[in-house]
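J.: Below you will find the structure I want to go over with you.
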Amino acid sequence: QKLWGLIACHHGVPKFVPYEIRTICEFLGQLMSTELANKESNINLDYKLQLKKIQGQFLERLAKATEFVDEIAADRESLLHLTSAQGAVICDGDRLILIGETPSEQDLQSLVTWLQDQFEQAQSDQDLFVTDALSSLYPEAKEYQAIASGLIAMAISKTQHRYILWFRPEQLQTVTWAGQIDKNERVAEDGSILLFPRQSFEAWKQIVCGKSNPWLSCEIEGVLELQQAIVNIVLKQTSEIAI
């Protein structure tokens, strides 16, 4: 139920496709969509198993921890492997623990302030922010998009300003289009904008900047499991204090 791609066929003159051929094309599209999903699942199977192992070990240590912030910071390599990130930041109030490749502390403080607003405005109750093009949403991030174009931000406690952030670097991509993607526009005498068809469909390449490799669903699920484990620890500590 999601658009994974588009096949566009160009022709010199209007070409009317018979119903039988359209039906066959629809069947082939459904078949390709199913095969694509199966292929993606098989390709990521080994990675998912490896990720589950890391998640299990990480969560097992957290379950025995009395202070989750120190426990998370103690195993920095596992924290990065949890999402295949190149950098991470643990925000504990005014304290920032930087791991791997991250923006500067000053940039991070501004980013966290912006994230707090995003969490407040979000409709979801998962307290999770995910993007592979941070600078398109937060223009200030263009200054460090080389190391932080992708971001997963998990809120542990918004009132206490406790967050964990994972970063991925920019991954330049070359995309080939069937013709230049810029709209062919002309201004009419009355000032309105008129669109005209392209005059050429020669291959046109575009360099996509400011994007990281996309976060996989299994990586996001691992973050959600970590979030739940931390919540359980906090609830346990609160219960012990009350007793």
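J.: Taking amide hydrogens as modeled 1.01 Å from N in the peptide plane, which residues meet the under 5 Å criterion relative to I147, leaving out close sequence neighbours?
T.: When sequence neighbours closer than 5 places are left aside, the close amide H contacts are E170.
J.: Sort 163-170, 133-140 for me by packing, meaning the mean count of neighbouring Cβ atoms within 10 Å per residue, highest on top.
T.: Highest mean packing first, the order is 163-170, 133-140.
J.: How large, in Å, is the chain by the Kirkwood hydrodynamic radius built from its alpha-carbon pairs?
T.: By the Kirkwood definition, the hydrodynamic radius is 21.5 Å.
J.: For the chain, what is the calculated [θ] at 222 nm in deg cm²/dmol (nearest 500), taking -39500 (n - 2.57) for each run of four or more DSSP H residues and dividing by its residue count?
T.: Estimated from H runs of four or more residues: -14000 deg cm²/dmol.
J.: Still on this structure: Where does helix 45-63 land angle-wise versus the long Cα axis of the chain, in degrees 0 to 90, nearest 10?
T.: 30 degrees
J.: Which of the peptides 31-40, 214-223 is most tightly packed, and how do the rest follow, judged by the mean count of other Cβ atoms within 10 Å per residue?
T.: Ranking the peptides 31-40, 214-223 by packing returns 214-223, 31-40.
J.: Continuing with the same structure: In whole Å, what three semi-axes, largest first, describe the equivalent ellipsoid of the stretch 1-130 built from its Cα gyration tensor (square root of 5 times each eigenvalue)?
T.: 45, 22, 14
J.: What's the tally of Lys pairs in the chain whose alpha-carbon atoms lie under 17 angstrom apart, where the two lysines are 8 or more places apart or on different chains?
T.: Value for the chain: 5.
J.: Output wanted: per-residue J couplings in Hz (rounded whole) for the stretch 24-41, from phi through Karplus 6.51 cos²θ - 1.76 cosθ + 1.60, θ = phi - 60°, x for Gly and Pro.
T.: 5, 4, 4, 4, 4, x, 5, 5, 5, 5, 5, 5, 4, 4, 5, 5, 4, 5
J.: On a C-alpha basis, how far is the centre of the stretch 59-137 from the centre of the stretch 150-177 in Å? Whole number, if you could?
T.: 8 Å
J.: Residue by residue through the stretch 216-228, what is 3J(HN,Hα) from phi via Karplus (6.51 cos²θ - 1.76 cosθ + 1.60, θ = phi - 60°)? Round to whole Hz and write x for glycine and proline.
T.: Running phi through 6.51 cos²θ - 1.76 cosθ + 1.60 with θ = phi - 60° gives 7, 4, 5, 6, 5, 4, x, 5, 5, 5, 4, 4, 5 Hz.
J.: So which trypsin sites (Lys or Arg not before Pro) in the stretch 40-132 pass both tests, a DSSP loop state and at most 11 other Cβ atoms within 10 Å of the Cβ?
T.: Listed in order of number, the matching sites are K64.
J.: To continue, here is another question. Can you give me the long-range amide H partners of G87? Hydrogens built in the peptide plane at 1.01 Å from N, cutoff under 5 Å, separation of 5 or more residues or another chain.
T.: E101, F167
J.: Here is a further query. Say we join alpha carbon atoms closer than 10 Å with springs in a Gaussian network model of the chain; which of D117, D75, D92 then has the biggest fluctuation?
T.: Comparing D117, D75, D92 in a Gaussian network model of the chain, the most mobile one is D117.
J.: For the chain, what does the accessible surface come to per residue with a 1.4 Å probe? Please give it in Å².
T.: Per residue, the chain has an accessible area of 67 Å².
The values are calculated or read from the model by the stated rules, or taken from the named source; none is laboratory data. Predicted model only: the values in this text are computed from it and were never measured. Glycine gets a Cβ as well: all are built from the backbone with ideal geometry, and neighbour counts include every protein chain shown. Protein only, heavy atoms only, side chains kept; ligands, DNA and RNA dropped before computing areas. Shrake-Rupley method; radii C 1.70, N 1.55, O 1.52, S 1.80 Å.
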